[in-house]
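The values are calculated or read from the model by the stated rules, or taken from the named source; none is laboratory data. Remember, predicted model here, so these are calculated numbers, not experimental data. Methodologically, a virtual Cβ is constructed for each residue, glycine included, from the backbone with ideal geometry; neighbour enumeration extends over all protein chains shown. The area values use the complete protein model at the heavy-atom level, side chains included, leaving out ligands, DNA and RNA. Shrake-Rupley method; radii C 1.70, N 1.55, O 1.52, S 1.80 Å.
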Amino acid sequence: MNSRNIISEDKFNNKWGFIISCIGSSVGMANIWMFPYRIGEFGGAAFLIPYIIFVLLIGFTGVIGEMAFGRAMHSGPLGAFKKAFDMKNPRHNSKLGTVIGLIPVIGSLGIAIGYSVIIGWILKFLADSVTGTIINDEDPAQVFTALSRNFGSIPWHLLGLVLTLICMSFGIARGIEKVNKIMMPAFFVLFLFLAVRVSFLDGAAEGYSYLFKPDWSAMADPQTWVYAMGQAFFSLSVAGSGTVVYGSYLKSDVDIVSSAKYVSFFDTLAALLSGLVIIPAVFAYGMEPNSGPGLLFITIPAVIRSIPFGQLFAIIFFLAVLFAGVTSLVNLLESPVEALQSRFGWSRRSALLLIGGITAAAGLFVEGDLLSPWMDTISIYVIPLGALLAGITMFWICGKTFARNAVQLGRKRTLGRWFEPMTRYVFCGVALIVYVLGIFFGGIG
């Protein structure tokens, strides 16, 4: 049996395995270290209104489009784009689709290279939480400074990547699906426990006020809408890559619209849970809320050191963050791995070894000073471009009938008339705006 047949037979076992895996791909660092800061910065509860509007808008257009695109083409982005352009010009076996399909694959691999470094940081802090050194002996700021310097986290970086590749080596149903079924529920349970614990801290009320006290004047600020759109866009992992790949492993009897609804809901819930854990804890100990790695690896550990049973709190926190990070990294790596399997007929093991080797080698050189510019470049210039190209290809190149039939497959209720205008004009318009404004603002997600 050749590798192409193995790929086609190795699918998610059921709808919930697919949904949980898509949730795992969406829930990541954007939920944990950016959303809580954004909601406080742009009007508290007022920020939630444009954010939820964009989550619904993108979830029911871009997310369902990418799921359906992968399933209809039985392929990840490289094969899906090629088939779409071959459909458009059946007499000319154009290479244009393959070239365009490379863009989201490169974007996915590019983010995975940076993400693998961050997974190493999380592993180091989890290990130090288990031993108790981060609570009793070490200064979190000094640990993070040492980790984030050039070539500063090589063993932890490589360990995290190897563990992720081992999980992926078992395939879709026995590997990716099972990993997500364990890690995603565990993430929500652990963060829910932490949110309850944080609520008993003196001074936590100030954090809740920062998060949810509405400043309605922020609604009149265009930047509130711009950053809400960017946060929703990147949080839902619309990139023309990972969701397309997972869609290609989806059985034909699954309702994609229903699946997108659950993914959007739980992704938003994860973001809110992160805010309920992080911001009240920060305020309870008189610290300033910030965003990015500093929040996760300096501010939170400093808070944890002051909390009774801080070591247990630290273990639970970094274990939950690790689960969120690994499930996202699995999705990011699956796109280039699937491309090698489907396009060149490689075995899964060979594809994992090559992609793992590229990720490790490139990751070593972006550790430190290059990491932030590397991630910014990929997320600003490549990721939203991949999403835009996927939207144009699915909803314009393939045509209205194709897109409707692809999404309708497995759905009992007929799609309404909203489908074409919302997908062809609104989603593609939003993707274009995110791309342009991301360049203008230097990143909005």
Query raised in the report: Here are some conditions: (1) within 19 Å of the chain's Cα centre (by Cα); (2) assigned to a helix (DSSP H, G or I); (3) in contact (Cβ under 8 Å) with a residue 40 or more places away in the chain. Ser291 meets all but one. Which one does it not meet?
Result: (2)
Query raised in the report: Right, Leu201: more than 21 Å from the chain's Cα centre (by Cα) and surrounded by 22 or more Cβ atoms within 10 Å (Cβ to Cβ) or not?
Result: no
Requested in this report: Show the residue pairs that are 6+ apart or on different chains and have beta-carbon atoms under 6 Å apart, the first residue being within segment 48-76 and under 25 Å from Met87 (Cβ atoms) and open to solvent by less than 10 Å² (accessible area, probe 1.4 Å), the second being outside any helix (DSSP H, G or I) and of a type in the set (Val, Ile, Thr).
Outcome: Gly62/Val238
Requested in this report: Report yes if some residue within segment 93-112 is open to solvent by less than 10 Å² (accessible area, probe 1.4 Å), on the phi < 0 side of the Ramachandran plot, more than 23 Å from the chain's Cα centre (by Cα) and not polar (S, T, N, Q); otherwise report no.
Outcome: yes
Requested in this report: Provide a single number: the residues in segment 399-422 that are farther than 16 Å from Met73 by Cβ and either touching an Asp or Glu at 6+ places or on another chain (Cβ under 7 Å) or among the aliphatic types (A, V, I, L, M) (or both).
Outcome: 4
Query raised in the report: Regarding Met219, is this residue outside any helix (DSSP H, G or I), open to solvent by 20 Å² or more (accessible area, probe 1.4 Å) and at pLDDT below 95?
Result: no
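For every residue, the table says whether it meets (1) of a type in the set (Val, Ile, Thr); (2) farther than 30 Å from Gly286 by Cα; (3) modelled with pLDDT under 95.
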position	(1), (2), (3)
Arg174	no, yes, yes
Asn180	no, yes, no
Ser199	no, no, yes
Asp202	no, no, yes
Gly207	no, no, yes
Leu211	no, no, yes
Query raised in the report: Do we have Lys95 as without any contact (Cβ under 8 Å) to a residue 60 or more places away in the chain, farther than 28 Å from Ser372 by Cβ and among the basic types (Lys, Arg) here?
Result: yes
Query raised in the report: Of the residues that sit in segment 295-326 and are open to solvent by 30 Å² or more (accessible area, probe 1.4 Å) and among the β-branched types (Val, Ile, Thr), which one is modelled with the highest pLDDT?
Result: Ile315
Query raised in the report: Of all the residues that make up segment 12-25, how many are more than 16 Å from the chain's Cα centre (by Cα) and part of a helix (DSSP H, G or I)?
Result: 3
Requested in this report: Confirm whether Ile49 is among the β-branched types (Val, Ile, Thr), in contact with a Gly (Cβ under 6 Å, 6 or more places away or on another chain) and part of a helix (DSSP H, G or I).
Outcome: no
Report summary line: segment 335-425: helices (runs of 4 or more DSSP H) wholly inside it with 3 or more residues that are farther than 26 Å from Phe234 by Cβ and either open to solvent by 20 Å² or more (accessible area, probe 1.4 Å) or not charged (D, E, K, R) (or both) are 348-366, 400-408
Report task. Within segment 204-216, track down each residue that is of a type outside the set (A, V, I, L, M) and either closer than 15 Å to Pro36 by Cβ or open to solvent by less than 70 Å² (accessible area, probe 1.4 Å) (or both). Result -> Glu206, Gly207, Tyr208, Ser209, Tyr210, Phe212, Lys213, Pro214
Requested in this report: Within segment 34-46, track down each residue that is assigned to a helix (DSSP H, G or I) and either touching a strand residue (DSSP E or B) at 6+ places or on another chain (Cβ under 8 Å) or of a type outside the set (Ser, Thr, Tyr) (or both).
Outcome: Met34, Phe35, Pro36, Arg38, Ile39, Gly40, Glu41, Ala45, Ala46
Query raised in the report: Taking the condition touching a Lys or Arg at 6+ places or on another chain (Cβ under 7 Å), of a type in the set (Ser, Thr, Tyr) and more than 30 Å from Ile316 (Cβ to Cβ), does Ser75 pass?
Result: yes
Report task. Quick one: count up the residues across segment 1-11 that are within 16 Å of Met168 (Cβ to Cβ) and either assigned to a helix (DSSP H, G or I) or at pLDDT 95 or above (or both). Result -> 3
Report task. May I ask you to verify whether Ser258 is open to solvent by 10 Å² or more (accessible area, probe 1.4 Å) and in a loop (DSSP other than H, G, I, E, B)? Result -> no
Query raised in the report: Of the numbered conditions (1) under 30 Å from Arg349 (Cα atoms); (2) touching a residue at least 24 places away in the same chain (Cβ under 8 Å), Leu192 satisfies every one except a single condition; which is it?
Result: (1)
Query raised in the report: Taking into account only those residues within segment 151-166 that are surrounded by fewer than 24 Cβ atoms within 10 Å (Cβ to Cβ) and not aliphatic (A, V, I, L, M), which is modelled with the lowest pLDDT?
Result: Gly152
Requested in this report: Hey, could you check segment 26-66 for residues that are small (Gly, Ala, Ser) and under 26 Å from Trp396 (Cα atoms) and say which is nearest to the chain's Cα centre (by Cα)?
Outcome: Ser26
Query raised in the report: If you check Ser252 against the conditions, is it in contact (Cβ under 8 Å) with a residue 40 or more places away in the chain and in a helix (DSSP H, G or I)?
Result: no
